[in-house]
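In what follows, a structure is listed as structure tokens, so that the remarks can point back to it.
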Amino acid sequence: MTPSGAKASSGASTVGSNREQVRQHNLSAILRLLRQFGTMSRSALTQRTGLNRSTISDLVTELQELGLIIESEANVTQGVGRPSLMVSFSDEVVVFAVNPDTDATTVGVVTLSGKVIDKVRHTHPSVPSPNESVEIATKLISELRAKMPATFRIAGIGVAIPGQIRVEDGVVRLAPHLNWVEVPFARMLHQQTGLPVFIDNDASLGSIAERDLGAGRGFSEIVYLFGGSGGIGGGVIHGGILLRGAAGYAGELGHVRISDSPREDYSGLQGTLESLVRREDLLAALKIESADDAELEVVLSKPVSSKVQKLLESQIDALAVAVGNYVNIFNPEIVLIAGYLAVLHSYDRDRLLSRFRWSTLTAPQDRLLVKTAELGPNLLMIGAAGLPIAPLLAEPAVTQLFPARGK
């Protein structure tokens, strides 16, 4: 079994529900509330779900027996009577998150609440082949699994890949930075680990993570942009749902043409945002071989040469034009900027916003927010983890969990 993602419903179900389906739905409702709001009291769950206290008690008890949640007494310093019981996710049910990239493969252990409790990064001297990437990820997963307490259980593996992904069967159609074409990555990693594997585009996962657990919480219309070593990607949340398009490849915001420049991006398209805003160009201008985004921000907090200044200004201006186009098209409530693009935002936010206003219609700017994402360096770990967590939240009573001491 190599699941790669859960398909969104195309509309309201017309199938009748029996008692078992209702129970499964109510169990899922409890878990989704905990995922959205964190630790909650039983009374808060009662209010949010509209179910009576007896039903909530039965559901909480069942979820405890499944090992998915725990209860604890609220920390109170005053008042009378018995403290309220607080319900939260158990940290002993986890998933693996994997992010293969050109220079390194990162694997993390993430709880159901989205907390990264362990992470390891393996650098490689050259771009890994699909087989090499699977081998590295399998080794890192085995090492992390061996460190886990015996009481831990695993829901599966989520993989964030910088490329076009056919989500339904976990095939990487094209990852130009990795030089991968038509790679059945989900099946390959499943065969090595024995765990269910789900994969998706890294930027799409970042947008979902920010919607659920980051700066996008509370918004239903979001444009998300992410810049990394694999180029620029994005995601559009419309009506609270990720816009995927007819075949699942929507959201390639880095490949939108914004200039008549003949310079090509990593997919061979000219004049795109990705062709004009490249992290490696700035590293080369700074004469730095390697630096993560946090290190770049430190470098840019100090005076830079006129050459570097000119490059930064040109990249910020290109980003501003692109953001203006996306706002004109999608009319979002908020634009979230992440990764290397957040470095540009931090360097000269005023220039970015002023140039953006020049290329944007007035009406869509009303009540619009433009800000950096919140989840930081764990963004893709949290995003990838959401893939195997999703089916568990949907069907908690029947989804298989795997022991820590396994393959």
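How do the helices (runs of 4 or more DSSP H) wholly within region 327-402 filter down when requiring 3 or more residues that are in the same structural domain as Ile258 (by TED's automatic domain parsing) and of a type in the set (D, E, K, R): which remain? So that I can check it myself, show each step before the final result.
Numbers: elements: 340-347, 349-358, 379-394.
It comes to 349-358.
Of the residues Val110, Val127, which is farther than 18 Å from Ala384 by Cβ and of a type in the set (A, V, I, L, M)?
Val127
Can you confirm whether region 160-173 contains a residue that is of a type in the set (A, V, I, L, M, F, W, C) and assigned to a loop (DSSP other than H, G, I, E, B)?
yes
Got a number for residues in region 299-317 being over 25 Å from the mean Cα position of the chain (by Cα) and either part of a helix (DSSP H, G or I) or not assigned by TED's automatic domain parsing to the domain that holds His345 (or both)?
Here the count works out to 12.
Residues of region 331-341 being modelled with pLDDT of 95 or more and surrounded by 18 or more Cβ atoms within 10 Å (Cβ to Cβ), which ones?
Pro332, Ile334, Val335, Leu336, Ile337, Leu341, listed by residue number.
On the phi > 0 side of the Ramachandran plot and outside the structural domain of Ser275 (by TED's automatic domain parsing): does that describe Gly170?
yes
Only residues in region 283-297 that are in a loop (DSSP other than H, G, I, E, B) count as the first member; pair them with residues that are among the β-branched types (Val, Ile, Thr), Cβ under 8 angstrom, at least 6 apart or cross-chain, and list the lot.
Ile288/Val299; Ala291/Val299
Only one residue in Ala318, Ala397 is modelled with pLDDT of 95 or more, of a type outside the set (Phe, Trp, Tyr) and out of contact with any strand residue (DSSP E or B) (no Cβ under 8 Å at 6 or more places or on another chain), so which one is that? Write out each step before concluding.
Working: Ala397 fails: modelled with pLDDT of 95 or more.
Being modelled with pLDDT of 95 or more, of a type outside the set (Phe, Trp, Tyr) and out of contact with any strand residue (DSSP E or B) (no Cβ under 8 Å at 6 or more places or on another chain) holds for just one of Ala318, Ala397, which is Ala318.
Mind counting the residues in region 174-186 that are part of a loop (DSSP other than H, G, I, E, B) and either at pLDDT 95 or above or under 18 Å from the mean Cα position of the chain (by Cα) (or both)? Show your work before the answer.
So in region 174-186, the residues part of a loop (DSSP other than H, G, I, E, B) come out as 176-179, 184.
Now narrow it down to the ones that are either at pLDDT 95 or above or under 18 Å from the mean Cα position of the chain (by Cα) (or both): 184.
Selection size over region 174-186: 1.
Enumerate the strands (runs of 3 or more DSSP E) found wholly within region 187-246, keeping only those where 3 or more residues are at pLDDT below 95.
Here the list reads 222-228, 231-238.
Pairs needed: first member in region 332-346, under 17 Å from Leu300 (Cβ atoms); second member anywhere, among the β-branched types (Val, Ile, Thr) and part of a loop (DSSP other than H, G, I, E, B); C-beta distance under 7 Å; at least 6 residues apart or different chains.
Within 7 Å, no pair qualifies.
Looking at Leu353, Leu368, Leu387, Leu361, can you tell me which residue is closer than 30 Å to Gly67 by Cβ and not acidic (Asp, Glu)?
Testing whether each residue is closer than 30 Å to Gly67 by Cβ and not acidic (Asp, Glu) leaves just Leu387.
Step by step: first the residues of region 252-298, then only those that are among the β-branched types (Val, Ile, Thr) and crowded, with 16+ Cβ neighbours inside 10 Å, then the one that is farthest from the chain's Cα centre (by Cα). Which residue is that?
Among residues in region 252-298 that are among the β-branched types (Val, Ile, Thr) and crowded, with 16+ Cβ neighbours inside 10 Å, the one farthest from the chain's Cα centre (by Cα) is Ile258.
Just name the residue that is farthest from Thr105 (Cα to Cα) out of those in region 162-203 that are among the charged types (D, E, K, R) and surrounded by 22 or more Cβ atoms within 10 Å (Cβ to Cβ).
Filtering first and then ranking leaves Asp200.
Listed residues Ser54, Ser43; which is surrounded by fewer than 15 Cβ atoms within 10 Å (Cβ to Cβ), assigned by TED's automatic domain parsing to the domain that holds Phe185, touching a residue at least 24 places away in the same chain (Cβ under 8 Å) and farther than 30 Å from Pro162 by Cβ?
On inspection, the qualifying residue turns out to be Ser43.
Taking the conditions exactly as written (without any contact (Cβ under 8 Å) to a residue 12 or more places away in the chain, not in a helix (DSSP H, G or I) and not hydroxyl-bearing (Ser, Thr, Tyr)), does Glu132 satisfy them or not?
no
The values are calculated or read from the model by the stated rules, or taken from the named source; none is laboratory data. Remember, it's a predicted structure, so these values are computed and weren't measured experimentally. With ideal geometry, Cβ positions are generated from the backbone for all residues, glycine too; neighbour counts draw on all protein chains shown.
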